[in-house]
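Input: a single structure, listed below in structure tokens.
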Amino acid sequence: MGVHAIDRLCYDIAHEPGTLERLRADPRRELARRPLTAEERDELLRGDVAALYRRGAHPVLLVRLAGFRVLGLDPALYAARIRTAEPRFSVPAPPEPA
């Protein structure tokens, strides 16, 4: 499941009753309930959003971890860590006007 399970956790924090409270109360237990690898769980517990992003997790969903201040993240720390990740894609600059 991998990336889907990471994205789903981020979605569930805002939309599934009880997820946020369980994650705050006992993050290891909540993550153990989900189809994640040991490495993915470790990255989540460390708040390593750059590694999760490189794995393919969606940054708009990942930012919820910071917005809800779980797994040791807050908006400033999220921003600093996500900036260390190489972009997975880029959008070319518009052409210069003639």
### Efficiency of FRET from Cβ geometry, T37 and A80, R₀ 35 Å, rounded to 0.05
0.90
### Query
Nearest 20 debye, what's the magnitude of the dipole of the chain about its Cα centre given +1 on Lys and Arg Cβ and -1 on Asp and Glu Cβ?
200 debye
### Task
Output the Cα-based Rg and Dmax of the stretch 3-98 in Å, rounding Rg to one decimal and Dmax to a whole number.
15.0, 59
### Query
With the dipole of the chain worked out from charges on the C-beta (+1 for Lys and Arg, -1 for Asp and Glu) around the Cα centre, which of L20, V63, L9 lies farthest toward the positive end?
L20
### Summary
With all protein chains present, the chain has a carbon and sulfur share of its accessible area (1.4 Å probe) in percent of 56 percent
### Message
With a 1.4 Å probe and all protein chains left in place, how much accessible area per residue does the chain have, in Å²?
### Response
62 Å²
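The values are calculated or read from the model by the stated rules, or taken from the named source; none is laboratory data. For clarity, every value in this text was computed on a predicted model and none was experimentally measured. Don't worry about glycine lacking a Cβ; one is built from the backbone with ideal geometry, like all the others, and counts go over all protein chains shown. Ligands, DNA and RNA are excluded from the accessible area calculation, which covers all protein heavy atoms including side chains. Shrake-Rupley method; radii C 1.70, N 1.55, O 1.52, S 1.80 Å.
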